[in-house]
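Input: a single structure, listed below in structure tokens.
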Amino acid sequence: MLKGLTDPNIGLLMGQTAENIAWRFGITRHDMDQFSVASHQRAVAARAGGRLDEIVPLVDAQGKVYGQDDGVRADSSVAGLSKLKPFFDRRYGRVTPGNSSQISDGAAWLILASEAAVERWQLQALGKITDSQWAGLDPAQMGLGPVHAATPILLRHGLGLDDIDLWEINEAFAAQVLGCLAAWESDAYCREQLALPAALGVLPRARLNVDGGAVAVGHPVGASGARIVLHLLHALRAANARRGMATICIGGGQGGAMLLETIDR
Amino acid sequence: MHSDATSYEHWQVEVDAAGLVWVTLDKAGESTNSLSSAVLSELSLLLDGFDRSPPRGLIFRSGKSAGFIAGADIQEFTRLDTPAKGVELVRRGWDLFNRLASVTYPTLALVRGHCLGGGLELALACRYLLAVDEPATRMGLPEVMLGIVPGWGGMLRLPQRIGAQAALDMMLTGKSVDAKRAKRLGLADDCVPLRVMDNAAAMLLLADQARRTLSPLQRLLNGPLRGLAARAARKQVAKRARVEHYPAPYAIIDIWEKHHGNALAAPALIDSIVRSPTARNLVRVFFMQERLKGFGKGSTYQAQRVHVVGAGVMGGDIAAWCALRGLTVTLQDQGVECIAPALQRAYATFRQRIKEPLELRNAMDRLIPDPEGHGARSADVVIEAIFENLEAKRALLQQLDALIRPDAVLATNTSSLRIEDLHGVLANSARLVGIHFFNPVARMPLVEVVAAAGADPEMLQRATAFVKQIDRLPLPVNSAPGFLVNAVLGPYMLAAMRAVDEGLAPATIDAAMLAFGMPMGPIELVDMVGLDVAMAAGRSLAGDDGEPPSCLRERFAAGQLGKKTGQGLYAYRQGKAIKGKAGAVPAGLAERLLEPLLERTQQLVSDGVVADADLADAGVIFGTGFAPFTGGPLNYLRNRHA
């Protein structure tokens, strides 16, 4: 498992790339733990409010029913998380299992159809992908991939961070999501890394991962991209909102982003 | 964090929420931190303040991207004209660092990048040393290379910290260690990645746990058995340096053994070291080295891709060196089979220098065999290093000229052909420059940057910046047979071979020159260069109308071409010369053999091949290993007459 989550080009664990970002932007252990507690609380509330209903129960070969993900913790607290030891940089680090995504098993399914196919088969689409972008960056900073993937989409459409109604930034690590926000708020980063004249701005936390994220519900690698796209469409519809951005960091030094829009049915 | 109200010119003081004080050395007006008297005076004032209100802990760090602290301010060494001034310089650092070592609150040096000489002595005076695990992090006491001793507590504290053997080895060779090795030796308390260095520094100070102690054997070698360790060290030093040429390493052993590392206890010894001709000359060599480096600065030019044509010993090793220094290199020859041996040699060199497997792989990945020559088009620097044949080189240069980017540097590594005979085939003859490396590339620091008359100054500047970029010392020379280095070696080797013709044993001749302080005798040098090369270059370089020496002619005729054939002026067994015993050295032999070298060096300065006498001295020292303690051939000549 550790081998699978190590970048063979730079010899760093994914969690160590998150430590790099935490150091770069001065993100504290407390910031990360607080973010993680919020992720659990939002997931708990979403589950209670029926906003995570796209997650369906599983039945194993013994007939046992798994009705809910067991990673979501209603009792998660900053005090509790602060007791955990750093895992990736063992003694001196800040990234712990508590403020990282959970390594989960999982699968996600959604159907991508062309406009012609939608018309021909009279499909009831949840929404449409208006634009998408892949980006590459320093593998040692891979957690900032969403910044590099989402920014060109915003620029292409003349949008600011707060012109997007809802955001999903996959929570590989709390440090990395907070790092993305800090990068967009940093004049230096936006100038040097994104060739922008100044900082892009503030992404309102109220619009980000409104129903929690991978820190709470888990990060089944390979399925998470599809999961956040699907969930974002549901969340937009639930909020009667129009426009959303789903974005994810990719180990090895990439980011992916999709601009989504709901469709009136 | 909040800043301290008192303001200093060179230090910044901040206090964090936990009550730890972070002092940052950011020497005003310099890109590198050094411990000038002004910097030390301010440190003393800082410590006064902490005496009045002791902090919970104190962290030293650097405000320079270049590193922690490079050492003492070497300019100040040149002003030590009386014994009192030398002692005063030692006392200043010794007293201050003793004071730092005895403060009641915990202290830590956060070492990132170079931490050398006085910088390491400051770090050793702290309770903890935290090393940041980066390739640029190096710790060492290189004073011995300037002919002086680490008198600010290094001779006291380094043996206490890591044991006598390891400490003496570091102090006597001047070699530095990286972060991981520092941790293994016990020099550093921990070695951590950049991203956690601040956390780790704070945690080490707040925990304030006892340091690791030396093993019982190491304690004995620092105590009752120190005589044993000193004797072993003297024996080691004697193999490399004669006391009459290099007194400093012997003084280091004495001061450690007899005075507990306190140089002030031996003021006469200090004076004899600090104001010795050796120290004066080595400091001069240091500044000459800085001057050579300076030629490559002041230009923003940065090469990223290099294309080398010719994968022989020189071309292959030049390509490997560039890859080792971080450039992407394509290496072209007539087939991948011709390039393979160069990759094998590169791997052997890289493996000695790179410990991290990933870095090793990355370096090998940067060295790309390119039999088709695809890399030429996109290269910033293109170096021709094929065999020394005028027509072949002209044809190749013409091909490359048409292919490569107009702004790329086009260089030849020729040692015996005239640039003027090569550049006529180019669309713009001003473009071609000489970038002349020495063998073995990885060990010879000098590279001659050769200008033909009318050469494009921009291309010369780029070539010089490129040489500096790959950590070699660029020496600008004008086009002339043998440039500087080979031109002065020619008559010297010729004189040595004439002495063989006169009946002296090669071993006696070499012994005489080793005793003078040369790194290798002239006869062994001829064998290494190759008797064929010596024959070919001989007449033009020697400037001698006579016949080649018969010892050279006969062996050449017999196909005995030197080390590479296993027989030259010496016989070779497993690559080592069988020299036999040297006879009694006739009086004045060394002087006689040197005379042609000294004359030729002077001649080349007056001919303007090299710009001035200092550069000639620098070139001959870094290009041939000419006894550094003499300060170079022309400095030697001046002092001999004085």
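List of remarks:
- Restricting the trypsin sites (Lys or Arg not before Pro) of segment B:562-633 to loop positions (DSSP other than H, G, I, E, B) with no more than 16 neighbouring Cβ atoms within 10 Å leaves B:Lys581.
- Here's the picture: charge each Lys and Arg Cβ at +1 and each Asp and Glu Cβ at -1 in the protein assembly as shown, and of B:Gly517, B:Ala101, A:Gln133 the one pushed furthest to the positive end of that dipole is B:Ala101.
- 3J(HN,Hα) couplings calculated from phi for segment B:278-294 with the Karplus curve 6.51 cos²θ - 1.76 cosθ + 1.60 (θ = phi - 60°) are, in sequence order, 4, 5, 4, 5, 5, 5, 4, 4, 4, 5, 5, 4, 4, 5, 4, 4, x Hz; Gly and Pro show x.
- Working note: 222 nm ellipticity from helices only, DSSP H runs with n ≥ 4, each -39,500 (n - 2.57), summed and divided by the residues of chain A, gives -10500 deg cm²/dmol to the nearest 500.
- Segment A:1-47 and segment B:591-642 have Cα centres lying 62 Å from one another.
- Cα centre as origin, Lys/Arg/Asp/Glu Cβ charges: chain B dipole, Debye: 2120
- Chain B - mean residue ellipticity at 222 nm from DSSP helices (-39,500 (n - 2.57) per run, n ≥ 4, rounded to 500): -15000 deg cm²/dmol
- Packing, as the average of other Cβ atoms within 10 Å across residues, places the peptides B:47-59, B:141-153, A:244-256 in the order B:141-153, A:244-256, B:47-59, highest first.
- Distances between placed amide hydrogens fall under 5 Å for A:Leu196 paired with A:Arg191, all partners being 5 or more residues away or on another chain.
- By the rule of a C-alpha distance below 29 Å, with chain neighbours fewer than 8 residues away ignored, the lysines paired with B:Lys64 are B:Lys27, B:Lys175, B:Lys180, B:Lys183, B:Lys293, B:Lys297, B:Lys355, B:Lys468.
- About its Cα centre, the protein assembly as shown has a charge dipole of approximately 2600 debye under the convention of +1 per Lys or Arg Cβ and -1 per Asp or Glu Cβ, with nothing else charged.
- Percentage relative contact order, segment B:528-616, counting C-alpha pairs under 8 Å, at least six apart: 18
- Taking every residue in A:91-98 and counting other chain Cβ atoms within 10 Å of its Cβ, the average works out to 4.
- Using a cutoff of 8 angstrom between alpha carbon atoms and counting only pairs six or more residues apart, the relative contact order for chain A works out to 29 percent.
- Size of segment B:346-396 as Cα extents on the principal axes (Å, biggest first): 43, 24, 18
- Sparse-neighbour loop sites [trypsin sites (Lys or Arg not before Pro); segment A:1-88; at most 15 other C-beta within 10 Å; DSSP]: A:Lys3, A:Lys64, A:Lys83
- Packing rank of A:222-234, B:447-459, where each peptide gets the mean count of other beta carbons within 10 Å, highest leading: A:222-234, B:447-459
- Along the axis of the charge dipole computed for segment B:167-253 (Cβ charges of +1 for Lys and Arg, -1 for Asp and Glu, origin at the Cα centre), the listed residues B:Gly186, B:Leu206, B:Pro216 are led at the positive end by B:Pro216.
- Dimensions in Å of segment B:305-483 - Rg and Dmax from alpha carbons: 15.1, 47
- Here, P(r) means the percent of Cα pairs in each 20 Å bin from 0 to the largest distance; for the protein assembly as shown it is 12, 35, 33, 16, 4, 0.
- For chain A, the alpha carbon convex hull comes to 146 Å³ per residue, rounded to a whole number.
- For A:Ser132, the residues whose modelled amide H falls within less than 5 Å of its own, excluding neighbours fewer than 5 places apart on the same chain, are A:Leu259.
- For chain A, modelled as a GNM whose springs connect Cα atoms under 10 angstrom apart, the maximal fluctuation among A:Ala45, A:Ala235, A:Ala117 occurs at A:Ala117.
- Considering only A:Trp121, A:Trp134, A:Trp109, the Gaussian network model of chain A with Cα springs below 10 Å gives its largest mean-square fluctuation to A:Trp121.
- What the Cα atoms of segment B:153-270 give is an Rg and a Dmax of 16.4, 50 Å.
- With neighbours defined as other Cβ atoms within 10 Å of a residue's Cβ, the residues B:Thr107, B:Thr300 order from fewest to most as B:Thr300, B:Thr107.
- Only the Cβ atoms of Lys and Arg (+1) and of Asp and Glu (-1) were treated as charged; on that basis the dipole of chain A about its Cα centre amounts to roughly 400 debye.
- Stokes-Einstein D for segment B:2-275, Kirkwood Rh over Cα pairs, 37 °C, 0.692 mPa s (µm²/s): 174
- Stokes-Einstein D (µm²/s) once Rh is taken as the Kirkwood radius of segment A:40-114 over alpha-carbon pairs, at 10 °C in 1.306 mPa s: 104
- Taking every DSSP bridge with both residues inside segment B:2-275, close to 30 percent are antiparallel.
- For chain B, the alpha carbon positions stretch 79, 59, 43 Å along the principal axes, listed from largest to smallest.
- The relative contact order of chain B comes to 9 percent, based on Cα pairs under 8 Å that sit 6 or more residues apart.
- In the distance distribution for segment B:505-642, Cα-Cα pairs more than 21 Å apart total 49 percent.
- Nonlocal amide H pairs with A:Leu12, under 5 Å, H built at 1.01 Å: A:Asp7
- Note that segment B:445-454 has calculated 3J(HN,Hα) couplings of x, 8, 9, 7, 9, 9, 10, 7, 4, x Hz, one per residue in order, obtained from phi through the Karplus relation 6.51 cos²θ - 1.76 cosθ + 1.60 (θ = phi - 60°); glycine and proline are x.
- The phi-based Karplus calculation (6.51 cos²θ - 1.76 cosθ + 1.60; θ = phi - 60°) puts the 3J(HN,Hα) values of segment B:88-97 at 4, 5, 5, 4, 3, x, 4, 5, 5, 6 Hz, whole numbers, x for Gly and Pro.
- Only one residue of B:Leu475, B:Ile386, B:Ile69 has its Cα farthest out toward the positive end of the dipole of chain B, where Lys and Arg carry +1 and Asp and Glu -1 on Cβ, and that residue is B:Ile69.
No value in this document is a laboratory result; all are computed from the given coordinates. From a predicted model like this one, the values you see are computed outputs, not experimental measurements. All Cβ positions, glycine included, derive from the backbone under ideal geometry; neighbour counts span all protein chains shown.
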